[in-house]
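The values are calculated or read from the model by the stated rules, or taken from the named source; none is laboratory data. Because the structure is predicted, anything quoted here is derived from the model rather than measured. Neighbour counts run over all protein chains shown; Cβ positions are idealised from the backbone, glycine included.
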Amino acid sequence: MTKTKAFITGILCGSAVAGIAALLTAPSSGTELRRKLKEKSEDFKRSLTDLKDDTKLLTEQIAGTAAEGKDVFIELKGDVQKAFSSWKNETTPHRESIQREIEELQQSIDYLQQSVPNKN
C-alpha cells in the first residue's frame, strides 16, 4: 500500500507542478493567470477529495472482504472437522472388523504352518 500511495502522490504532485508551470509560461494577463491558477487549484482539491473518498471506500471494501474471508474460513474449518469426525466414526467399525479378520488369518496361517510337515 505504501508504494501505491507514494506513486499516486507523485502523480498528483507532478500534475500540479506541470499545470502551474504551463500556466506561468503561457502568455496571459495577470487577471487571467490568477483565474487559471484558481481553477487549477480547485481542480486539484477536487482530485484530492475524490482520491481520499476512493481510498476510504477501498479500505472499507478490503476490511469487509477480509471479514467475509475470515467467516468463510471459520465455517470451512468447522465443516472439515465435522467431515473428518464423521469419516472417523464411519471407519472405526470397519477398522475393527478388518483387524479381527487379520488376526483370524494370522491364526489360520499359524495353524497351517504347524500342520504342514517341515521338509528340513
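Checked against (1) modelled with pLDDT under 75; (2) in contact with a helix residue (DSSP H, G or I) (Cβ under 9 Å, 6 or more places away or on another chain), L48 passes all but a single condition, namely (1).
Selection over the stretch 12-26 of residues that are modelled with pLDDT under 70 and surrounded by fewer than 11 Cβ atoms within 10 Å (Cβ to Cβ) gives a count of 1.
Answer yes or no as to whether L33 is free of Cβ contacts under 8 Å to residues at least 24 places away in the same chain, touching a helix residue (DSSP H, G or I) at 6+ places or on another chain (Cβ under 9 Å) and of a type in the set (A, V, I, L, M). Even if it seems obvious, please write down each step before you answer.
Working: free of Cβ contacts under 8 Å to residues at least 24 places away in the same chain: yes; touching a helix residue (DSSP H, G or I) at 6+ places or on another chain (Cβ under 9 Å): yes; of a type in the set (A, V, I, L, M): yes.
Here the answer is yes, as L33 does meet what is asked.
Take the residues of the stretch 44-78 that are of a type outside the set (S, T, N, Q) and touching a residue at least 24 places away in the same chain (Cβ under 8 Å): which is surrounded by the fewest Cβ atoms within 10 Å (Cβ to Cβ)? Write out each step before concluding.
Keep residues of the stretch 44-78 that are of a type outside the set (S, T, N, Q), which gives 44-46, 48, 50-54, 56-58, 60, 62-64, 66-78.
Those still in the list that are touching a residue at least 24 places away in the same chain (Cβ under 8 Å) too: 44, 48, 51.
Numbers: F44: 16, L48: 12, L51: 15.
Looking at residues that are of a type outside the set (S, T, N, Q) and touching a residue at least 24 places away in the same chain (Cβ under 8 Å), I get L48.
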